[in-house]
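Reviewing the structure listed below.
Each value in this text was obtained by applying a stated rule to the coordinates, not by laboratory testing. Since the structure is predicted, the reported quantities are computational estimates derived from the model, not experimental observations. Counting neighbours? That spans all protein chains shown, and the Cβs are built from the backbone with ideal geometry, glycine included.
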Amino acid sequence: MSRFNLKNHHTLALPAVCNNFYEVTHVHEISKLTFDLENYFILGGGSNVAFIDDFDGDIIAFKGNSCVITEHTDHWSVEADSGLVWHELVILLTEKGIGGLENLALIPGNCGAAAVQNIGAYGVEFKDVCSAVEVFDLHKKQKRFITKDACHFAYRNSIFKRGDARGLLITKIYLHIPKDWQPKLNYRGLESLSQCVTPKAVMDRIVALRESKLPNPEQLPNAGSFFKNPVVSEQQADLLKSQYPDMPCYTAADQKVKLSAGWLIEQAGFKGVEVDSIGTYKKHALVIVNYGNATGASLLHFVREIKEGVLRRFSVALENEVLLIGKYGIVNL
Ligand code: NAP
């Protein structure tokens with residue numbers, strides 16, 4: 001049986017195949033699909049997944065990409081197909097002078113993945129603007145709406161990522177963007193902008209910052225930040241801070257403290273390290289890069305080395321942000 005090559009369908013570009021790859025543009029096409037109901041995976045832009053083995057199942061990708069923006073008295077509402085490239089939506093709104101998404105500029109992937117992952121950058125998260133999500137239930141073959149609250153958005157997480165929404169293919173996202181916009185400029189690199197800045201100027205700065213630090217997946221295959229920033233107790237953070245006074249720490253919810261995964265990986269000696277064509281990016285230790293001929297096995301080996309190195313040095317467990325897909329679906333390390 002000839003199988004479908006996935007190398008160009010995930011931005012880490014590891015060698016892998018699947019049984020069948022179905023691309024659909026309209027909801028009515030989805031209900032007619034006959035695919036492997038036992039083992040399937042819903043794929044967006046492929047920028048937050050890594051196929052670490054041949055996937056013994058079928059893949060479904062929704063490619064609808066239209067968008068409707070409606071003005072109301074005090075807010076804008078946006079309905080965007082899940083196959084629309086996220087950054088195209090950011091540009092569309094920002095260039096109309098609509099502020100709210102500019103801090104999320106240049107995050108790779110599609111609008112559907114923005115909901116799965118609850119993407120976040122520079123102090124803004126997808127959940128801040130999302131009002132609901134439209135899904136197609138692949139098992140019941142019907143359309144449903146899921147409110148923002150029912151999506152259970154959390155730090156780089158949602159019901160769609162945790163697997164408790166099995167069979168729900170996101171077809172549309174709904175955004176509610178208030179008109180009383182205030183720029184969010186408290187991250188490093190943004191403080192020098194004036195409070196009178198436009199959404200477009202903030203977007204331009206963020207694009208420049210990201211381009212200066214992060215590799216373009218089209219030139220150097222990667223999946224963005226590979227690990228989440230760990231959140232630890234105040235006691236653990238105080239203990240670490242007494243040993244490593246330069247360690248960055250940020251206040252998180254529930255009296256916890258967020259650490260910088262990139263800093264921990266760098267201090268554990270992994271910045272710029274390359275083994276078997278896989279390595280961390282020279283300018284940003286949080287990004288794992290395929291330097292040419294990496295395989296799923298070399299990625300797994302390297303990821304385990306990093307996790308063990310950070311655990312040994314700091315007693316902090318790193319968790320993947322990138323979803324690993326093996327022969328039978330999601331692989332947890
Ligand atoms: P950085 O300035 O080197 O800081 C490292 C980490 O510290 C960031 O990841 C950020 O956490 C946290 N941080 C920094 N300033 C903060 C503040 N004022 N308040 C609270 N937390 C703060 O960051 P960077 O690596 O260049 O990334 C900048 C932004 O782009 C971050 O928000 C990051 O998440 C985002 N980014 C996302 C991806 C991705 O693929 N998902 C890749 C690269 C960068 P948070 O990550 O929680 O914001």
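Tabulated data for the structure shown
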read-out: Cross-link partners of Lys307 among aspartates and glutamates (Cα-Cα below 19 Å; sequence separation of 8 or more within a chain); value: Glu266, Glu274, Asp276, Glu319, Glu321
read-out: Most mobile of Gly112, Gly45, Gly269 in a GNM of the chain (Cα contacts under 10 Å); value: Gly269
read-out: Once the Cα gyration tensor of the range 1-97 is diagonalised, semi-axes √(5λ) in Å; value: 32, 17, 9
read-out: Average Cα contact separation per residue, the chain, under 8 Å, 6 or more apart, as relative contact order %; value: 18 percent
read-out: Theoretical ellipticity at 222 nm over the chain - DSSP helices of four or more residues, -39500 (n - 2.57) apiece, nearest 500; value: -6500 deg cm²/dmol
read-out: Rg to Rh quotient for the chain, alpha carbon positions, Kirkwood Rh; value: 0.96
read-out: Amide proton proximity set for Ala105, modelled H, under 5 Å, gap of 5+; value: none
read-out: Under the Debye formula (equal points on every Cα, no solvent term), log10 I(q)/I(0) of the range 149-231 at q = 0.11, 0.17, 0.25, 0.26 Å⁻¹; value: -0.52, -1.12, -1.15, -1.16
read-out: Rg to Rh quotient for the range 210-253, alpha carbon positions, Kirkwood Rh; value: 1.16
read-out: Coil-residue GluC sites (Glu not before Pro) of the range 235-318, DSSP, other Cβ within 10 Å capped at 12; value: none
read-out: The range 113-165: radius of gyration over Cα atoms, expressed as a fraction of 2.2 N^0.38 Å; value: 1.14
read-out: Inverse mean reciprocal Cα-Cα distance (Kirkwood Rh) of the range 43-164, Å; value: 15.4 Å
